[in-house]
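These notes are about the structure you will find just below.
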Amino acid sequence: MTTRPREQAPRVAAPAHTRVGWIGTGVMGASMCRHLQAAHYRLTLYTRNRSKASAILAKGATWADSPRAVAEQTDILITMVGFPQDVRQVYFGDHGALAGASAGMVLVDMTTTEPSLAQEIARAAQSRGVFAVDAPVSGGDIGARDATLSIMIGGEAGAVHTIMPLLECLGQKIVHQGDSGAGQHTKLCNQIVIAGTMIGVCESLLYGYQAGLELPRMLESIRGGAAACWTLDNLTPRILARNFDPGFFVEHFIKDMGIALEEARRRQLTLPGLTLAHQLYERTEALGHGRSGTHALMLALEALSDIDPTRPSTSL
């Protein structure tokens, strides 16, 4: 395929002149999209379930009937969908974003997906004179709601500079990691840490429960020491309340861990901790909690220890 020369990346994003496209309004995407609206960006929107975007459309966003139609009407297009196959369909499908992209525009995929797919999108974009950036995020529904996400970026520096004002509406820690795919590799590092941490947090709660501790009091102590972490602060209150609504879906976390394990195999790495976490989360999904939050790992660990959290005691 002949590579068309690219125009200079569009001038730095600003509400006065930048048309922004958005695809995907799930648990995190909807909040992120609303932050851009609050910053007065003109939005064109597509999502598979239009009803999920009703509140955003009611505040002035324009509906488009396909990813291609979004790309045809925007200068910067952001995608936040679920699985690699969704990303592939959004970009490469018959009515995909690349088919509607014009030279000089910037495509930004904030989904967590394979680094190789991010690089494939970048190559296809370059052949059309388009810029592509991978910018996965961490922080879950809380970070999306509060605009405190950590954003990990791969792509050309000029394109990153162009989209930075948009990213600053969404997150607090924004780091350009390198070329295409580097953002996705960084997000996999993030997920490896989270996987091990979640096991430790849930097992700590199980141990404290069986030892007869008052769990909020126990947590008050360990949050102030070396065990302090985001998971203890943000997810243990949900576990104690038996609220397993998703901030990030179990099934999406299994996807992320699977990608990381496959990337590790390609590099002849053995990651036993991540392998165990992946297996435990697959058990969580098998118990019917694939659409629950990642802290639903507690339910699988309770089942393994035959713990009934409803019996009289200091409850989980």
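The values are calculated or read from the model by the stated rules, or taken from the named source; none is laboratory data. Not measured: the values here are computed from a predicted model. Please note: Cβ atoms are built from the backbone with ideal geometry, for glycine as well, and neighbour counts cover all protein chains shown.
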- Assuming Q191 fulfils every condition listed in (1) at pLDDT 95 or above; (2) part of a helix (DSSP H, G or I); (3) outside the structural domain of I259 (by TED's automatic domain parsing) apart from one, which condition is it? (3)
- State yes or no: is D141 charged (D, E, K, R), surrounded by 15 or more Cβ atoms within 10 Å (Cβ to Cβ) and within 20 Å of R34 (Cβ to Cβ)? yes
- Hey, any hits in region 157-172 for a residue that's within 17 Å of the chain's Cα centre (by Cα), outside the structural domain of H278 (by TED's automatic domain parsing), crowded, with 23+ Cβ neighbours inside 10 Å and in a helix (DSSP H, G or I)? yes
- Message: For the list (1) closer than 30 Å to A300 by Cα; (2) outside the structural domain of L299 (by TED's automatic domain parsing); (3) modelled with pLDDT of 95 or more, I need the number of the one condition that D141 fails.
- Response: (3)
- Kindly indicate the residue of region 81-132 that is among the small types (G, A, S) and under 19 Å from L166 (Cβ atoms) and also nearest to the chain's Cα centre (by Cα) among those meeting that condition. A118
